[in-house]
Amino acid sequence: MPIASSSARVAISLHGVTIVQQGKGVLPDMNTSPLARENAQSHAPATAGEAAAAVMPKMQTESLSIYYGNFRAVADVTLPVRDRKITAIIGPSGCGKSTLIRSLNRMNDLIAGAHAGGKVMLDGEDIYASGIDVVDIRRRVGMVFQRPNPFPKSIYDNVAFGVRLYGRIPKAELDDIVETSLRRSALWDEVKDKLKQSAMALSGGQQQRLCIARAIAVEPEVILMDEPCSALDPVATLKIEELMQELKQDYAIVIVTHNMQQAARVSDTTAMMMMRADRAGEMIEFDETQIIFTKPRDKRTEDYVSGRFG
Amino acid sequence: MARGTMTDPPNPAARTTEADVADTQAIRARARQRRVQASMARERVRRVTNAVMLGLTGLATLLALIPLVWIIVDVVLLGAPSITPDFLTQSFKPASLGGGGVLHAIVGSLILVGLASVMSIPIGILAAFYVVRNPNTTLGLAVRFGTDVLAGLPSIVVGLFVYTLLVVGRSYSALAGAVALAILMLPIVLRTTEEMLKLVPDSLREGALGLGAPEWKTAFSVLLPAALTGVLTGLMLAVARVSGETAPLLFTALGSNVLSSALNRPIASLPLTLFVYATQPDPIRHAQAWAIALIIMVIVLALNIGARLIARHRAM
Ligand SMILES: Nc1ncnc2c1ncn2[C@@H]1O[C@H](COP(=O)(O)OP(=O)(O)O)[C@@H](O)[C@H]1O
Ligand SMILES: [Mg+2]
C-alpha cells in the first residue's frame with residue numbers, strides 16, 4: 001500500500017481503526033506510522049487492555065542523552081518500545097546503539113563516569129528516577145549480549161541462576177522452570193540429556209540460546225539483545241531469529257543489529273541512528289520497519305539501508 | 001623489458017653488446033657466490049653459538065637440579081628410618097625413654113596453619129574483590145602497595161611485630177603464632193585471588209548483573225567460582241609457604257614439648273621442633289630432626305602437586 005504523504009498515512013491508519021473495531025486489529029498494519037496508529041487506536045480501542053498497550057509503549061525513552069564523563073554518546077533520543085513487538089536499532093558502528101540499549105536496563109551504570117539525562121519510562125515509570133531499585137529494573141528488563149556469556153556452571157545452573165536469586169524454591173518447580181525456559185529457547189531437545197554438564201561445552205549458537213533461556217527464566221517484561229547473532233554462524237543466526245518471533249508473543253524485544261537484512265526480517269519497528277558532527281549519536285528516523293526499508297524519509301537512512309553507507 | 005619496446009627511440013647508452021652481457025653475468029655470479037659463502041660462514045657461527053648456548057643452559061639446569069636432588073635424597077635417606085608408627089602417634093619423650101614422637105608438633109602445625117588460613121583467606125579474598133573493583137581509589141592503591149611491601153617483608157620482621165603486639169605483656173601463644181603466619185599468607189592470598197579475578201571476563205559480571213543479581217551475589221556465585229581453580233592454587237601455595245616458616249614462630253608460638261590445643265599457650269610446630277632438635281648434641285634428636293624435615297618436605301611437595309593438579313583440571 002503506497003503512501004504519498006503523511007496525511008495519507010493518517011487516512012490509512014483511520015482505516016486501520018475500522019479493522020481494529022472488527023476485531024482483526026492484532027495484525028500490524030505495516031504501512032502505518034506507529035505513533036499515528038497509536039493515536040488512532042486510542043480513539044477506538046478494541047479492548048481496554050489493548051488500548052492501554054497501544055497508547056502507552058512498554059518502554060519509552062524521552063529526550064534521553066547518555067554521557068561517558070563529558071562525552072555525550074547519545075543525544076536526545078525519544079524511542080518507543082512497544083509490547084509484543086520487536087524494535088530494531090540500526091546505524092553505523094560507534095553511533096551509540098549499544099549505549100542506548102544498555103541504558104534501557106541501566107547496564108551503563110556499571111561504567112564509571114557514565115550518566116544519563118532525560119527519562120526512560122517503563123510502564124510509565126522513570127527507571128532513572130531516584131529511589132528506583134536497579135536490581136529490580138534488571139529483573140524486569142533482561143539482556144542478551146553480543147558474545148554468548150554463559151556462566152562456567154552446568155546448563156541447569158545457568159538457567160536456574162536468575163530464578164534462585166528470588167530465594168529458595170522447591171526443586172520440582174525449579175526443574176519445571178528450567179525445562180520450560182529451555183523449550184522456549186528451542187534448546188531443550190539438544191541439552192535435555194546433559195543438563196548437569198558444563199555450559200561451556202556447548203557451541204556458540206547453543207550458548208546464545210542458553211543465555212536467552214537464562215534471561216527468560218526470570219520472566220522479564222522486556223528483552224534487550226545487543227547484536228545477539230554477530231558471533232554466530234548463519235544456521236545459528238536463523239535459529240535465534242525464529243526464536244525471537246516466538247518470544248515476541250510474550251515480550252517486548254529490542255535488538256541492536258548492524259545486519260540490515262536481519263533488521264528487515266525480524267523487526268516490527270526500526271530506529272535509525274547516526275553520529276552527529278560532535279560524535280554524539282542521534283536517532284534520525286523511527287518508523288515501521290517496512291517504511292524504513294522501502295520509503296525512508298531521511299536520505300541518510302535510505303543510503304544506509306541500501307548499503308551505500310558504512 | 002620496458003626499455004626494449006619497439007616504439008622507444010634507440011638510446012645509445014642503453015645499447016649492449018654480447019660481451020657486456022657476459023661481463024655482467026660473471027659479475028653477478030661472483031657476487032652471488034660471495035653472498036653464499038658469507039651466509040655459510042654466518043650459518044657456521046650461528047650453529048656453533050647455538051650449540052655453546054644450548055650446552056650452557058643445559059649445564060645451568062643441571063647445576064640448579066643438583067642441590068634439589070641432593071637435598072631430597074639426603075632427607076629421604078636420613079629421615080625415612082626414623083619414621084615409624086610410634087614417631088607419628090607419640091608426643092615428646094625424654095631421650096632416655098627413646099625420644100618419643102612428633103605428634104605434638106604435627107598437631108601444633110595443623111592448628112597454627114589452620115588458624116592462620118581461617119584468618120587470612122576470607123580477608124584476602126574480600127580485599128581482592130575490593131581491589132579488583134576499585135583499583136584506582138585511594139584505598140585500592142593503598143591495599144595494593146601494602147600487600148607488595150608485606151610480600152617482600154622478611155618473615156622475622158613480621159614475627160617481631162606480632163611479638164610486640166601480642167606477646168609482650170602477655171605470653172607466648174598459639175594465637176600469636178597463627179597471627180604471624182596469617183600476616184605472611186595474606187599478601188599471597190590477596191595477590192593470587194586478585195590476579196585470578198582479573199582473568200574472569202567482564203562479560204560474566206555483566207551477565208549476572210543483567211539478570212538482576214546484586215553485586216555481592218555476582219561476586220560469590222559467579223566470579224569466585226569462575227576463578228576458583230586459580231584461587232585454590234594460590235591458597236595451597238600460601239599454605240605451603242607458611243608450613244615451613246620457623247623464624248616468626250620463634251618468639252610467638254615459642255614451641256612446646258607437650259601435646260596441646262590451647263590457643264593461649266605456647267604450641268609446638270614441625271619447623272620449630274626441627275630447629276630445636278637439630279641444635280641439640282644428641283644423635284637421637286638429630287635423627288628425629290631429619291625425619292621432621294622429611295615430613296615437612298612431603299607436606300610442601302604434596303601441596304605443590306595438589307596446586308598443580310587443581311590448576312590443570314579446570315573445574316568446568
Ligand atoms: N565505556 C565507554 N567509555 C567511554 N566511551 C565509550 C564507552 N563505550 C562506548 N563509548 C563511546 O560511545 C560511543 C558509542 O559507542 P557504542 O554505543 O558502543 O556504539 P555502537 O554500539 O553503535 O557501535 C563511541 O564513540 C564509543 O567510543
Ligand atoms: Mg555495539
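Here are a few things to note about the model shown:
- Using a probe of 1.4 Å, the accessible surface attributed to B:H313 totals some 120 Å² when neighbouring protein chains are kept in position.
- When the P(r) is computed for the protein assembly as shown, the part past 50 Å accounts for 42% of the Cα-Cα pairs.
- To the nearest ten degrees, helix B:283-312 and the longest principal axis of the Cα atoms of chain B are 50 degrees apart.
- Two-site label geometry, A:R276 and A:Q245: point separation in nm, points 7 Å out along Cα→Cβ: 3.9 nm
- Cα gyration tensor shape for region B:89-131, rounded if a/c is under 1.5, else prolate or oblate: prolate
- A 1.4 Å probe, protein heavy atoms only, puts the accessible area of B:S173 near 10 Å².
- Accessible surface, per residue, of the protein assembly as shown when the full set of protein chains is kept, probe 1.4 Å, Å²: 51 Å²
- Amide H to amide H, with H built 1.01 Å from N, A:A114 comes under 5 Å of A:G69, counting only residues 5 or more places away or on other chains.
- Separation between Cα centres of region A:131-202 and region B:210-268, rounded to whole Å: 33 Å
- Computed over chain B, relative contact order equals 23 percent, with contacts defined as Cα pairs under 8 Å that lie 6+ residues apart.
- Note on region B:209-264: Rg/Rh from Cα positions, Kirkwood definition for Rh, rounded to two decimals, is 1.28.
- Cross-link partners of A:K196 among aspartates and glutamates (Cα-Cα below 16 Å; sequence separation of 8 or more within a chain): A:D157, A:D175, A:D176, A:E179
- Solvent-accessible area lost on pairing B with A (1.4 Å probe, both sides summed) amounts to about 1700 Å².
- Computed from phi, the 3J(HN,Hα) profile of region B:170-187 under the Karplus parametrisation 6.51, -1.76, 1.60 (θ = phi - 60°) reads 10, 8, 4, 8, 4, 4, 4, x, 5, 4, 4, 5, 4, 5, 6, 6, 3, x Hz, with x in place of Gly and Pro.
- Scanning residues 5 or more positions from A:L64 or on other chains, those with amide H under 5 Å from its amide H are A:D76, A:V77, A:T78, A:K119, with H placed 1.01 Å from N in the peptide plane.
- Each principal axis of the Cα cloud of region B:35-120 was evaluated for its coordinate range; sorted largest first, these ranges are 82, 37, 16 Å.
- For region B:191-211, heavy-atom accessible area (probe 1.4 Å) falls by no less than 50 Å² from the chain alone to the full protein assembly at B:L204, B:E206, B:L209, B:G210, B:L211.
- Rolling a 1.4 angstrom probe over region A:163-310 with all protein chains present gives an accessible area of which 49% lies on carbon and sulfur atoms.
- Across peptide A:132-145, the mean count of Cβ atoms from other chains lying within 10 Å of each residue's own Cβ comes to 3.
- The equivalent ellipsoid of region B:240-316 has semi-axes of 29, 17, 10 Å, largest first, where each one is the square root of 5 times an eigenvalue of the Cα gyration tensor.
- Taken residue by residue and averaged, Cβ atoms of other chains lying within 10 Å of the Cβ of A:101-108 number 1.
- With only the Cα atoms considered, region B:103-315 has a convex hull volume of 130 Å³ per residue.
- Under the combined filter of DSSP loop state and at most 15 neighbouring Cβ atoms within 10 Å, region A:196-232 retains these trypsin sites (Lys or Arg not before Pro): A:K196.
- Packing-based ranking, highest mean first, of B:100-113, B:200-213 given that Cβ atoms within 10 Å are counted: B:100-113, B:200-213
- Where labels lie 7 Å past Cα in the beta-carbon direction, separation of B:V69 and B:E195 in nm: 2.9 nm
- Accessible surface of chain B [probe 1.4 Å, protein heavy atoms]: carbon and sulfur percent: 70 percent
- Long-range amide H partners of A:A271 with built H, under 5 Å: A:A88, A:I89, A:I90
- Cα-based radius of gyration of region B:91-208 once divided by 2.2 N^0.38 Å, which approximates compact folds: 1.41
- In terms of accessible area, using a 1.4 Å probe and ignoring ligands and nucleic acids, B:I156, B:I121 rank largest first as B:I156, B:I121.
- Among B:L153, B:L141, B:L54, the largest mean-square fluctuation in a Gaussian network model of chain B, built with springs joining Cα atoms closer than 10 Å, belongs to B:L54.
The values are calculated or read from the model by the stated rules, or taken from the named source; none is laboratory data. If you're wondering where the values come from, they're calculated on a predicted model, not measured in any experiment. All Cβ positions, glycine included, derive from the backbone under ideal geometry; neighbour counts span all protein chains shown. Accessible surface is based on the protein model in full, side chains and every heavy atom, while ligands, DNA and RNA are left aside. Shrake-Rupley method; radii C 1.70, N 1.55, O 1.52, S 1.80 Å.
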